[in-house]
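Scroll down for the structure; my scribbles are underneath it.
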Amino acid sequence: MAKFIQFSPPYISQQEINSVTKVLKSGWLSHGPLTEKFEKEFAKYVKAKFAVSVNSCTSGLFLSLAAINIKPGDEVITTPLTFAATANVVHHLGAKPVFADICEDTYNIDPDKIEEKITRKTKAIIPVHYGGQPCEMNEIAKLAKENNLTIIEDAAHATGSEYEGKMIGSLGNLTCFSFYPTKPITVIEGGMITTNNKKLAERLKILGRHGISRDAWKRYGAKGSWYYEVLEAGYKFNTTDMNSALGLAQLKRLKWFEKKRKEVFDYYQKELMGLDVTTPTIRPNVKTSYHLYPILLESYDRNKFIDEMKTHGIGTSVH
Ligand SMILES: *Cc1c(COP(=O)(O)O)cnc(C)c1O
């Protein structure tokens, strides 16, 4: 049998291996100058004013909710068609995840259904850009404004995606990206939060780094001062220079990754046409990252289909 085709394998070249080796030999391993550089480069790429690195997108979503003071009794509206992390973090803060149904063409959260779920307890909306296709952000932003809600975009699939000509990461209050190995770029485990709000960016940094007012590497460096204050009981969600070295190398390849993924996407669209499956619909006002190629099975049993694909040497995933 031919080689098994793994679901969404990472692409790591010698360049990534060299960057990581350099960090391992450098004497500074955790959060440091490369992490700050990765934050700056990522913010520039997605055209956001600020980017705050975290050790996963899950941590990023949790931290974003914590930074806007989500607490027990609050409600957060999100989509039922997502990875477990999106709703888990709401639950962990003692708040209630409320599910609004999806659009039939894009599988993204439906703004009309969000509106039906808004109550006096609603504090935030977490739209998920499913498969890399952005949600209808104008409509969601309008609802958020009218009801005084914060939007936290789950952009785990959407590094490089655009909504009406604007980069995902540049639009909302807070946007969380994932760099897990199956995602558009990877640092192994890691994530990024972008925002255009300086106060929020500062709060995310402090809250995600033990509630301490200064970064460790600035304290321990030659020019650092020993002085710091613990401002609140924070979390340890920082990433490392080793992961950031990977991230910097991967970010340089993102355009090329996108081109490759689009080729595969277009090939599937062409070859699956006319078969008894529903292929993805991409709306004309967005650019997708082509992260996933979801198909809807009308008359096959899903589990049987996955097993059949496996016997043909093709890996798939349920999302
Ligand atoms: C992967 C994923 C996450 C979590 O990302 P991690 O970096 O693994 O924590 C969150 N939301 C969605 C939609 C995802 O696919």
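What are the residue pairs meeting all of these: first residue in the range 201-213, first residue surrounded by 20 or more Cβ atoms within 10 Å (Cβ to Cβ), second residue at pLDDT 95 or above and of a type in the set (Ser, Thr, Tyr), Cβ atoms under 6 Å, and 6 or more apart or on different chains? If the second residue must be at pLDDT 95 or above and of a type in the set (Ser, Thr, Tyr), the pairs left are ALA201/THR195; GLY208/TYR235.
Which one of these is within 16 Å of the ligand (Cβ to nearest atom), surrounded by fewer than 20 Cβ atoms within 10 Å (Cβ to Cβ) and either of a type outside the set (A, V, I, L, M, F, W, C) or more than 24 Å from LYS96 (Cα to Cα) (or both): GLU189, GLU146? The unique qualifying residue is GLU189. Of all residues in the range 67-97, those that are touching a strand residue (DSSP E or B) at 6+ places or on another chain (Cβ under 8 Å), more than 10 Å from the ligand (Cβ to nearest atom) and of a type in the set (A, V, I, L, M, F, W, C) total 7.
When ILE125 is tested against (1) among the aliphatic types (A, V, I, L, M); (2) surrounded by 15 or more Cβ atoms within 10 Å (Cβ to Cβ); (3) more than 16 Å from the ligand (Cβ to nearest atom), only condition (3) is not met. Out of all the residues in the range 65-76, is one or more small (Gly, Ala, Ser) and either touching a helix residue (DSSP H, G or I) at 6+ places or on another chain (Cβ under 7 Å) or buried (at least 19 other Cβ atoms within 10 Å of the Cβ) (or both)? Yes: the range 65-76 contains one or more residues that are small (Gly, Ala, Ser) and either touching a helix residue (DSSP H, G or I) at 6+ places or on another chain (Cβ under 7 Å) or buried (at least 19 other Cβ atoms within 10 Å of the Cβ) (or both). When we screen ALA245, ALA158 for residues that are among the hydrophobic types (A, V, I, L, M, F, W, C) and touching a His at 6+ places or on another chain (Cβ under 9 Å), the only hit is ALA158. SER53 falls short of the stated requirement of being at pLDDT 95 or above, within 14 Å of the ligand (Cβ to nearest atom) and either over 12 Å from the mean Cα position of the chain (by Cα) or under 19 Å from CYS135 (Cβ atoms) (or both).
Just a yes or no: is a residue in the range 58-66 farther than 21 Å from GLU202 by Cβ, under 18 Å from the mean Cα position of the chain (by Cα) and within 16 Å of the ligand (Cβ to nearest atom)? Yes, the conditions are met somewhere in the range 58-66. Quick check on the range 262-286: of everything there that is in contact (Cβ under 8 Å) with a residue 40 or more places away in the chain and surrounded by 13 or more Cβ atoms within 10 Å (Cβ to Cβ), which residue is farthest from SER8 (Cα to Cα)? Per the criteria, the residue is ASN285.
The values are calculated or read from the model by the stated rules, or taken from the named source; none is laboratory data. In this text, all values refer to a predicted model and were calculated from it rather than measured experimentally. Glycine gets a Cβ as well: all are built from the backbone with ideal geometry, and neighbour counts include every protein chain shown.
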